[in-house]
1. Counting each DSSP H run of 4 or more residues in the chain as -39500 (n - 2.57), what helix-only mean residue ellipticity at 222 nm follows after dividing by all residues, to the nearest 500 deg cm²/dmol?
2. Note the angle between two axes, namely the Cα long axis of helix 94-103 and the longest principal axis of the Cα atoms of the chain, as a number of degrees from 0 to 90, rounded to the nearest 10.
3. Rounded to the nearest 5, what % of the DSSP beta bridges within the chain are antiparallel ones?
4. Report, in degrees rounded to the nearest 10, the 0 to 90 angle that the Cα long axis of helix 69-81 makes with the longest principal axis of the chain.
5. At 0.36 nm per residue, and after removing the present C-alpha to C-alpha distance, how many nm does the segment from V102 to A63 gain when stretched out fully?
6. In the set [x] 15.4, 44; [y] 16.0, 47; [z] 15.0, 48, which value of Rg and Dmax of the Cα atoms in Å was calculated from the structure you see?
7. State the extension gain, in nm to one decimal, for the chain segment bounded by A86 and K50, taking 0.36 nm per residue of separation less the distance between their alpha-carbons.
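Every number in this text was worked out from the coordinates using simple rules, so none of it is lab data. Fair warning: this is a prediction, and the values are worked out from it, not measured in the lab.
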Amino acid sequence: MVGMDISIHSCFLPHDDADAAIGFYRDVLGFEVRNDVGYHDLRWITVGPKGQPVSIVLHPPAADPGITEDERRVIAEMMAKGSYAALTLATEDLDGVFERLVAAGGEVVQEPADQPYGIRDCAFRDPSGNLIRINQR
């Protein structure tokens, strides 16, 4: 549609440990913490790259009161296997970011590699099991 002005404002990733999530996204990836909101024993943390308007909301995975205990269990199992949520980031220095993540104890899923579909990337899991792919820009 001509003339539409739409941008991505935020995306959501689940976390099962707010402090570990902050440690990964702030201290390892260098994102800024933009918001940290608690409600009872739950926390929603908003992070994002400095100077960029898009945010990642790290949320309790099953805070919806309509979710059953069985659904909560399935979500927890999927998170543990890294099959519940994913995010793709991009950087100018893939090898440098990879080394930094390894040095910080990041769980490597795939070392930097040239993919047959034309990109070079690597993959990690965040502390909650979310798959984080990083593309060479």
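1. Calculated mean residue ellipticity at 222 nm is -6000 deg cm²/dmol.
2. Helix 94-103 and the main axis of the chain meet at about 50 degrees.
3. 65 percent
4. 20 degrees
5. Values: separation 39, 0.36 × 39 = 14.04 nm, distance 3.15 nm.
Stretched out fully, the V102 to A63 stretch lengthens by 10.9 nm.
6. Here Rg and Dmax of the Cα atoms in Å agrees with entry [y].
7. Stretched fully, the A86-K50 segment lengthens by 10.9 nm.
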